[in-house]
Structures are given as structure tokens and as C-alpha cells.
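Participant: For reference, the structure I am asking about is given below.
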């Protein structure tokens, strides 16, 4: 089966090690980048392509063409040129190792403000 190989930087669990994700080629010439990223996530799971590396997870960075995309809790976010691949988190404000802290506030009832 013909495949397109994408590189994913595994920042969530493997300190930026690179994982090659083989996405089956469907013959479709032009695809929306969101579709490509969802395929990268699916085929980057060890259930589909077992490797001695972690599966693609929230916080990892996929490279599509010349752009880099962060896997978020829901969807993907395009990184700015030169943006550090180690900055990630559920709120998008967490720096690995807790160096910058989470920039959100929870009120007395437990809601984010």
C-alpha cells in the first residue's frame, strides 16, 4: 500500500524524539490540512502502527509541508515560525516542567475565569 510519511515531534512523552507516521495514500490530490492532521493522529497510534515509541498525543507537533502543528486536547493549532515545541498544555499556557505555570484562575465554584 502506498503511504505518505509525516514526521511528528513527540514532545508529550518522548522529549521531542521524532516518529515517522505512515498515512495510507488515498489517491486524493488536494486534501484539507485538518483531514491530514486527523489522519496523522489516527495512524500515529500504536494500535495502528506499533513502534517502540509513544503514540501521537496532546502536546506533540506534526510537520506538514513547511508548517508545524501542535496536537491540542481538541484539534490542532498551527505554530508560529520559531515557536518552541516544548511549550504546551491543556490551556495553551503551560511550559514543560512548570517553569511558566498555568495562566488561568478558578473561582470559588471551580469554574475557570
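Participant: Which whole-number percent is the relative contact order of the stretch 3-87 (Cα, under 8 Å, 6+ apart)?
Facilitator: 29 percent
Participant: Would you mind ranking 84, 47 so that the residue whose beta carbon has the fewest other beta carbons within 10 Å leads the list?
Facilitator: Ascending number of Cβ neighbours within 10 Å: 47, 84.
Participant: Follow-up. Arranged from highest to lowest average of other beta-carbon atoms within 10 Å per residue, in what order do the peptides 56-62, 17-23 appear?
Facilitator: Most protected by this proxy first, the peptides run 56-62, 17-23.
Values quoted throughout were computed directly from the atomic coordinates according to the rules given, and no laboratory measurement underlies them. Given the structure is predicted, the values throughout are model-derived calculations rather than measurements. Positions of Cβ are generated from backbone atoms using ideal geometry, with glycine treated the same way; all protein chains shown enter the neighbour counts.
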